[in-house]
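The values are calculated or read from the model by the stated rules, or taken from the named source; none is laboratory data. What you are looking at is a predicted structure, and each value in this text was computed from that prediction instead of being measured. Note that we place each Cβ from the backbone using ideal geometry, even for glycine, and neighbour counts take in every protein chain shown. The accessibility values were calculated without ligands, DNA or RNA, using every heavy atom of the protein model including side chains. Shrake-Rupley method; radii C 1.70, N 1.55, O 1.52, S 1.80 Å.
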Amino acid sequence: MRSIYAYTEEIDDLEKAVAELKAQVEKEGPLLMHSYGIVNCDYEVDTARLAELLKAEFDFPVMGCTAISVLNVKQGHTDLCISMMVLTADDCVFQGGITKELWEEQDLRYVEECYTELHSSLPEKEKLIFVYTPFWENIIPDDVTYCISEISGKQVPIYGGISSDGWDFRNYQVFFDGKASKCGMVMLLVSGNIHPITRVEHSLESLTDFNFTVTASEGNKVISLNNNDIIEVLASAGLYSDKDVVATDFLGTPFLCTRTTDDGDEVDILKTIYKLNHAEHTGVFLGNVQAGTQLCMGLMSRNEVEESVGIAIDGVLDEIWEVESKSDYRYSTIICTSCAARYNLIVADKQVEARAYQEKLPSHINLFGYYSYGEMCPAEGKVYGRMHNETHNETFAILAL
């Protein structure tokens with residue numbers, strides 16, 4: 001597999017924007033037997049129109065989502081743009097699709113239907129599942145990840161993210177093959193000669209003394225910690241707000257959640273509080289936090305973000321060299337999904353994460369990514385070392401192909 005990266009800062013004249021993307025792709029061609037496009041665009045772009053133009057101009061399917069900001073190698077971090085990665089190969093097969101509209105948890109059957117249809121169209125078992133989702137109010141993203149993981153046999157890495165916007169949680173969208181949606185999910189299955197490498201970086205400077213066990217919860221609503229009212233416990237730690245939506249209030253203090261998996265492994269996942277429901281006395285997290293989970297408040301700083309991303313990239317490059325030294329497989333692509341919370345945390349210097357990888361990547365590897373409202377990426381268990389598909393918040397997730 002090889003990849004081609006294309007980029008434009010034109011977001012108003014979409015005909016011109018798509019023409020610029022196509023010219024860049026054609027310049028780096030020719031394409032191989034099978035190709036697939038992945039696009040991240042500014043959340044103010046007319047996504048429906050962009051999806052139509054991408055379908056009309058390219059001879060291969062294109063999936064994508066909106067973003068508050070994007071990452072690449074040359075420009076580093078950029079706003080107000082459209083970013084595209086084209087994957088092309090003779091020895092890989094791509095099958096992508098979009099689900100029916102998902103409004104409630106019961107609609108996860110549409111995710112199963114989409115996966116089954118794509119899986120059955122492949123010549124062999126997929127080795128990667130790539131997803132973009134909207135920001136659902138009534139569907140917990142963890143449940144989507146676990147649903148796909150279960151139906152695919154739990155052995156296939158799931159990577160992707162939640163579409164983002166300007167923190168108003170209204171202008172996000174996903175799109176696939178000419179269709180844009182605010183409540184569908186796009187999915188890409190890849191089979192053939194690929195060796196995915198994944199890594200998720202927490203970037204915590206330290207852990208605090210705030211360490212509690214979740215004693216009562218309902219999905220993503222935590223009711224009590226150590227049998228005490230969660231809002232009172234948070235207030236005692238200095239995390240009080242009389243607001244409802246607090247997604248941007250507690251960015252520097254994500255929670256490290258240690259959950260026990262069905263097979264007895266333990267996985268560390270970062271989670272963020274999205275809302276405080278003062279009437280119900282619950283804290284609503286951006287993801288499931290089951291009873292029995294250990295919850296420890298961490299501290300995140302700009303300096304730690306830059307240093308940890310550099311370490312994570314080094315780790316991925318080491319794995320790449322190891323695979324390449326033992327085979328004729330060659331990596332060409334790194335895809336990054338960073339949290340929009342990190343984007344806000346480094347507001348004074350938006351190039352912090354970009355600097356951490358720009359000087360490290362060899363010239364033959366393209367990098368493409370965006371800032372999301374949640375990151376899907378496997379996490380390694382602490383007991384047995386198995387990889388578990390998870391949805392994270394405030395992390396830097398990496399996929400190498």
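Computed extension gain for His364 through Ala48, at 0.36 nm per residue and net of the alpha carbon distance, reaches 110.5 nm. With N as its number of residues, the chain has a Cα radius of gyration that, divided by 2.2 N^0.38 Å, comes to 0.94.
Within the assembled protein chains, the solvent-accessible surface assigned to Phe212 is about 50 Å², based on a 1.4 Å probe. For the chain, the share of accessible area belonging to carbon and sulfur comes to 46 percent (1.4 Å probe, ligands and nucleic acids excluded).
Among Leu207, Leu256, Leu367, the residue with the largest mean-square fluctuation in a Gaussian network model of the chain, with springs joining Cα atoms closer than 10 Å, is Leu207. Computed from label points 7 Å out along Cα-Cβ, the spacing between Asp328 and Asp349 is 4.5 nm. For the range 250-271, list residues with backbone N below 17 Å from a point placed 7 Å from the Cα of Lys382 toward its Cβ? In the range 250-271, the label zone of Lys382 (backbone N under 17 Å from the point 7 Å along Cα→Cβ) covers 254-271. Using the Cβ-Cβ distance between Arg170 and Met33 with R0 = 45 Å, the FRET efficiency computed as 1/(1 + (r/R0)^6) comes to roughly 0.65. Take the Cα of Cys147, go 7 Å toward its beta carbon, and the backbone nitrogen atoms of the range 51-90 under 20 Å from that spot belong to 64-66.
Ranking Trp103, Trp167, Trp321 by solvent-accessible area of protein heavy atoms (1.4 Å probe, all protein chains present), from largest to smallest, gives Trp103, Trp321, Trp167.
Seen against the Cα atoms of the chain and their longest principal axis, helix 302-326 is set at about 50 degrees. Taking all protein chains as they are arranged and a probe of 1.4 Å, the heavy atoms of Tyr172 leave approximately 20 Å² accessible to solvent. The heavy atoms of Glu113 offer some 90 square angstrom of accessible surface to a 1.4 angstrom probe. Helix 108-120 and the longest principal axis of the C-alpha atoms of the chain enclose an angle of approximately 30°. Which of rounded, prolate, oblate describes the range 247-386, given a ≥ b ≥ c as roots of the alpha-carbon gyration tensor eigenvalues and a/c under 1.5 marking rounded, otherwise prolate only if a/b is larger than b/c? Note, shape of the range 247-386 comes out oblate.
Tally the DSSP beta bridges in the range 1-85 and give the antiparallel ones as a percent, rounded to 5. For the range 1-85, the DSSP antiparallel bridge percentage is about 60.
Here the range 343-401 was treated as a single set of alpha-carbon atoms; its pair distances binned every 5 Å from 0 give 4, 14, 20, 21, 18, 15, 7, 1, 0 percent. Hey, any idea what Rg/Rh is for the range 32-183, computing Rh the Kirkwood way over Cα pairs? Ratio value, two decimals: 0.95. Normalised per residue, the accessible area of the chain is 39 Å², obtained with a 1.4 Å probe and no contribution from ligands, DNA or RNA. In the chain, helices alone account for a calculated mean residue ellipticity at 222 nm of -7000 deg cm²/dmol, with every DSSP H run of four or more residues adding -39,500 (n - 2.57). Beyond 24 Å in Cα-Cα separation lie the following of the pairs Lys74/Lys350; Lys74/Lys360; Lys100/Lys243; Lys154/Lys382: Lys100/Lys243.
Ordered by 1.4 Å accessible area with all protein chains kept, Asp142, Asp229, Asp244 run largest first as Asp244, Asp229, Asp142.
Across Met33, Met297, the residue with the most accessible area heads the list, and the full order at a 1.4 Å probe is Met33, Met297. Helix 141-151 and the long axis of the chain differ in direction by around 60°, with both axes built from C-alpha atoms.
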